[in-house]
Structures are given as C-alpha cells and as structure tokens.
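Note sheet for the following structure.
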Amino acid sequence: MGHDDLPPLELAFPGPERDRGVAAILSGHKTALTGLLEIYEHAGEAVPAAGQRFAVLDSDGRPAVTIEVVEVRVVPMKEIDDDFARAEGRGYADAAQWRAAHEEFFRSEGVSGFLGHTPVVDDDTLVVAERFRVVGTGSP
C-alpha cells in the first residue's frame, strides 16, 4: 500500500510548526501526537484506531512519512503525563510545558477559525492522545 492509498494526516498548519513536527517524526523524537476531540467532531472525522496508518504530509502537501497508530486514548487534558508530553518530540520537559503549548495552539486563530469559535480549553477538555510508529518514509 503506497502513500496514495492512505488517509492524510496534517500536523498543525503548513509552515514552521508542521515542518518541525515532520522533522521530529523522521528523526525518531516524535512518537506521539495530540488532537482536540472537538476538531474531529466538527470535521466529521472518526477518532483514529490502533493499527490505522496515515501519510503524514509536509507543508507542501506531499507525503513525508507513513505512521501506524499503536495506541489511542480520548482523555481529559489533565490526564496527559510527563512521559506522553516528552513523546510528542517537541522538547517539552513535562506535562506543564505540553499543556501550555497545546492550550495556545487550541485557542489559536487557525483552530478558532476552523471551529467558528474559540474552544474552551481546561482540565476537562477532551483530547485524542495517540502513540505511533514510523512504517515508511518519503514518496512511494
């Protein structure tokens, strides 16, 4: 199965943030990612399931790496721990740093524009916490 047969996965928004995320996956530093459950619901997308594969797109919309989801949990933000925060591969020292960065992103203009409002982000906000492994890189 090539990249073209896989659903696309876009980290953040095109630009430096996405480029850093893709680079962190390719380097092996990023083995987890988090999404706001409200975004999945608004987009009418199902929460990913273990075993599902995705083509992670770069900022130009090209497949950069193929990942396979190995674990998915829908949990309140307060349940994200230091280990998961570090697995995000963004240099977070602990869950507090992860939380601050994700609160800022989830309240960003891009997310608010997509949802049509600024989401409530607090301890009980549900996030989709995924762990994954790389199963292929580059174009098929």
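Against the chain, whose longest principal axis is taken from its Cα atoms, helix 16-27 shows a tilt of about 60°.
Label separation (Glu10 vs Arg107): 2.5 nm, computed from points 7 Å beyond Cα along the C-beta direction. Computed over neighbours whose Cβ is under 14 Å from that of Gly15, the net charge equals -4, Lys and Arg +1, Asp and Glu -1. Centre-to-centre, using Cα atoms only, the stretch 73-140 and the stretch 1-65 are separated by 12 Å. Among (1) 74, 34, 28; (2) 41, 32, 28; (3) 71, 29, 26, which is the computed Cα extents along the principal axes in Å? Calculated Cα extents along the principal axes in Å: the matching label is (2).
Taken about its Cα centre, the stretch 3-137 carries a charge dipole of about 360 debye when Lys and Arg each add +1 at the Cβ and Asp and Glu each add -1 at the Cβ. Among Ala87, Ala49, Ala32, the residue with the largest mean-square fluctuation in a Gaussian network model of the chain, with springs joining Cα atoms closer than 10 Å, is Ala49. On a 0 to 90 degree scale, rounded to 10, what angle separates helix 95-106 from the longest Cα axis of the chain? Relative to the chain, helix 95-106 is tipped by roughly 80 degrees. For the options His102, His29, His42, a Gaussian network treatment of the chain with springs between C-alpha atoms closer than 10 Å singles out His42 as fluctuating the most.
All of the numbers you see were taken from the coordinates with simple rules; none came from a lab. Treat the numbers as computed from the prediction; the structure is a model and nothing was measured. Every residue, glycine as well, gets a Cβ built from its backbone with ideal geometry; the counts of neighbours run over all protein chains shown.
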